[in-house]
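Asker: Have a look at this one before I ask anything.
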Amino acid sequence: MPLPAKVRLVEVGPRDGLQNEAQPISVADKVRLVDDLTAAGLSYVEVGSFVSPKWVPQMAGSAEVFAGIRQQPGVTYAALAPNMRGFEDALGAGVKEVAVFAAASESFSQRNINCSISESLQRFVPIMDAARQHGVRVRGYVSCVLGCPYEGQVDAAQVAAVARELYEMGCYEVSLGDTIGTGTPGATRHLFNVVGAQVPRPQLAGHFHDTYGQALANVYASLLEGISVFDSSVAGLGGCPYAKGASGNVASEDVLYMLQGLGIETGIDLEKLIEAGQRISLVLGRATGSRVARARNAC
Ligand code: HMG
Ligand code: MG
């Protein structure tokens, strides 16, 4: 399969990245991060989550973040919504696109959203209905697609079944999450082959955490399978509160650098993206997780 000419990067740093931070991060810093990212040319930013603040305290201010950002035309600003309460709160904050999230493993589903996989899918049905009524688009996630912190191996057929349900209930795109970053390129290609037989490939995205240093290789493996949408996190921010030891998503700067090298168009300015990553890394008081940003800063 030829490599795609264009790739869309879904920037998940403000949500998947920051959700895992124990230290308080001000609304102003979150707003600045989102605005920096869109100034760098990102056309899709996951801004926050409308989840229980007892479960994920860092996302509690998501409505304020939505109120503070300078929304640019042509940019999608999305939020996670696990249930109707979350959807209604998102709607109240003016959100036009939400993401629902299911898992490919039962244990992770219980730990992450306190219900079984099939209960979670049932919870999403009224969200899909309400979203249709309000003209809100819904993206779907499947977690633990290449391994589960509690169950180990996960069958690609199980991932395909969950992805297909999300697609059939109306998710316009389903992002496959290697939540704990154990996947390798061969497993990634196999996964997209199996899931791609159930959900059209243009409607699939890759979401790779870099815990085992495989994320960029897995992005490339996905490109070879015709996948052209990837979730990434500026400065490699993040992890998942329900997957102990999970590190951040693949760094947006590193994915962009690789895509540029492959001649693939994204519409994103690498220098501005590096600056956005530097600013939030300063706020967090630690070095960026992006190898490209580190190399550029060393020059
Ligand atoms: P629950 O405790 O089963 O829910 O949580 P409940 O309905 O029994 O409600 C319990 C309390 O939560 C009640 O409050 C509700 O009002 C409140 P109380 O009466 O105790 O004061 N509540 C809410 N509050 C705010 N917003 C809401 C909401 N819903 C209920 N939407 C629930 C179920 C799903 C809410 C909970 O488990 C939860 O919020 N989990 C958060 C999970 C999460 O955000 N995980 C991280 C994101 S997923 C991820 O990172 C993976 C991904 O990146 C892909 C990958 O890497 O694989 C997407
Ligand atoms: Mg994630």
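So that you can scan it fast, the table gives a plain yes or no per residue for (1) at pLDDT 95 or above; (2) surrounded by fewer than 18 Cβ atoms within 10 Å (Cβ to Cβ); (3) within 16 Å of ligand 2 (Cβ to nearest atom); (4) acidic (D, E):
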position: L204; (1), (2), (3), (4): yes, no, yes, no
position: F208; (1), (2), (3), (4): yes, no, yes, no
position: Y242; (1), (2), (3), (4): no, no, yes, no
position: L256; (1), (2), (3), (4): yes, no, no, no
position: G261; (1), (2), (3), (4): yes, yes, no, no
position: T266; (1), (2), (3), (4): yes, no, no, no
position: V292; (1), (2), (3), (4): yes, no, no, no
position: A295; (1), (2), (3), (4): yes, yes, no, no
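Asker: Report whether or not L42 is in contact with a helix residue (DSSP H, G or I) (Cβ under 9 Å, 6 or more places away or on another chain), assigned to a helix (DSSP H, G or I) and buried (at least 23 other Cβ atoms within 10 Å of the Cβ).
Answerer: On the way: in contact with a helix residue (DSSP H, G or I) (Cβ under 9 Å, 6 or more places away or on another chain): yes; assigned to a helix (DSSP H, G or I): no; buried (at least 23 other Cβ atoms within 10 Å of the Cβ): yes.
No.
Asker: Okay, moving on. Can you tell me which residues in the range 127-154 are more than 15 Å from ligand 1 (Cβ to nearest atom) and free of Cβ contacts under 8 Å to residues at least 40 places away in the same chain?
Answerer: D129, R132, Q133, G135, G152, Q153
Asker: Scan the range 165-185 and give yes if some residue there is crowded, with 22+ Cβ neighbours inside 10 Å, more than 16 Å from ligand 1 (Cβ to nearest atom), more than 18 Å from D16 (Cα to Cα) and of a type in the set (G, A, S), otherwise no.
Answerer: Residues of the range 165-185 crowded, with 22+ Cβ neighbours inside 10 Å: 166, 171, 174-181, 183.
This time we only want the ones that are more than 16 Å from ligand 1 (Cβ to nearest atom), so: none.
So far as the range 165-185 goes, no, none of its residues is crowded, with 22+ Cβ neighbours inside 10 Å, more than 16 Å from ligand 1 (Cβ to nearest atom), more than 18 Å from D16 (Cα to Cα) and of a type in the set (G, A, S).
Asker: Further question: Please tell me if L33 is in a loop (DSSP other than H, G, I, E, B), more than 16 Å from ligand 2 (Cβ to nearest atom), crowded, with 24+ Cβ neighbours inside 10 Å and at pLDDT 95 or above.
Answerer: Answer is no for this residue.
Asker: Select from the range 47-59 the residues that are surrounded by 17 or more Cβ atoms within 10 Å (Cβ to Cβ) and away from ligand 2 (no atom under 16 Å from the Cβ) and list them in ascending order.
Answerer: Going residue by residue through the range 47-59, those that are surrounded by 17 or more Cβ atoms within 10 Å (Cβ to Cβ) are 47-51, 56, 58-59.
Selection gives F50 alone.
Asker: Can you tell me which residue among V10, V65 is surrounded by 24 or more Cβ atoms within 10 Å (Cβ to Cβ), within 16 Å of ligand 1 (Cβ to nearest atom) and either over 14 Å from the mean Cα position of the chain (by Cα) or in a loop (DSSP other than H, G, I, E, B) (or both)?
Answerer: Values: V10 fails: either over 14 Å from the mean Cα position of the chain (by Cα) or in a loop (DSSP other than H, G, I, E, B) (or both).
Of the residues listed, the single one that is surrounded by 24 or more Cβ atoms within 10 Å (Cβ to Cβ), within 16 Å of ligand 1 (Cβ to nearest atom) and either over 14 Å from the mean Cα position of the chain (by Cα) or in a loop (DSSP other than H, G, I, E, B) (or both) is V65.
Asker: In the range 46-61, which residues are in a loop (DSSP other than H, G, I, E, B) and either within 12 Å of D16 (Cβ to Cβ) or within 16 Å of the chain's Cα centre (by Cα) (or both)?
Answerer: F50, V51, V56
Asker: Quickly run through the range 68-97 and pick out the residues that are within 16 Å of ligand 2 (Cβ to nearest atom) and either assigned to a strand (DSSP E or B) or of a type in the set (A, V, I, L, M) (or both).
Answerer: Filtering the range 68-97 for residues within 16 Å of ligand 2 (Cβ to nearest atom) gives 78-82.
Within the range 68-97, A78, A79, L80, A81 qualify.
Asker: If you take the residues in the range 155-164 that are without any contact (Cβ under 8 Å) to a residue 40 or more places away in the chain and hydrophobic (A, V, I, L, M, F, W, C), which one is surrounded by the fewest Cβ atoms within 10 Å (Cβ to Cβ)?
Answerer: Per the stated criteria, the residue is A157.
Asker: Just to be sure, is A160 more than 25 Å from M258 (Cβ to Cβ) and touching a helix residue (DSSP H, G or I) at 6+ places or on another chain (Cβ under 6 Å)? Spell out how you get there, then give the answer.
Answerer: Working: more than 25 Å from M258 (Cβ to Cβ): yes; touching a helix residue (DSSP H, G or I) at 6+ places or on another chain (Cβ under 6 Å): yes.
Spelling it out, A160 is indeed more than 25 Å from M258 (Cβ to Cβ) and touching a helix residue (DSSP H, G or I) at 6+ places or on another chain (Cβ under 6 Å).
One line per residue, one yes/no per condition, for (1) touching a His at 6+ places or on another chain (Cβ under 8 Å); (2) of a type in the set (D, E, K, R):
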{"site": "R132", "(1), (2)": "no, yes"}
{"site": "G135", "(1), (2)": "no, no"}
{"site": "G140", "(1), (2)": "no, no"}
{"site": "C144", "(1), (2)": "no, no"}
{"site": "D155", "(1), (2)": "no, yes"}
{"site": "A161", "(1), (2)": "no, no"}
{"site": "Y167", "(1), (2)": "no, no"}
{"site": "G170", "(1), (2)": "no, no"}
{"site": "L176", "(1), (2)": "yes, no"}
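Asker: Select, from R279, R286, the only residue that is under 28 Å from M59 (Cβ atoms) and part of a helix (DSSP H, G or I). Step through it out loud before you land on a result.
Answerer: Values: R286 fails: part of a helix (DSSP H, G or I).
Only one candidate qualifies: R279.
Asker: Kindly evaluate G238 against the criterion of being touching a Leu at 6+ places or on another chain (Cβ under 8 Å) and modelled with pLDDT under 95.
Answerer: On the way: touching a Leu at 6+ places or on another chain (Cβ under 8 Å): yes; modelled with pLDDT under 95: yes.
So G238 passes the test.
Asker: Under 8 Å by Cβ, and 6 or more places apart or on different chains, what pairs join a residue from the range 191-215 that is under 15 Å from C171 (Cβ atoms) and part of a loop (DSSP other than H, G, I, E, B) with one that is at pLDDT 95 or above and away from ligand 1 (no atom under 14 Å from the Cβ)?
Answerer: Close Cβ pairs (under 8 Å, with a partner that is at pLDDT 95 or above and away from ligand 1 (no atom under 14 Å from the Cβ)) amount to Q198/A160; Q198/A161; Q198/R164; Q198/Y167; V199/A160; V199/R164; V199/Y167.
The values are calculated or read from the model by the stated rules, or taken from the named source; none is laboratory data. Owing to the predicted nature of the structure, the values given are computational and were not obtained by experimental measurement. So basically every Cβ, Gly included, is an ideal-geometry build from the backbone, and we count neighbours across all protein chains shown.
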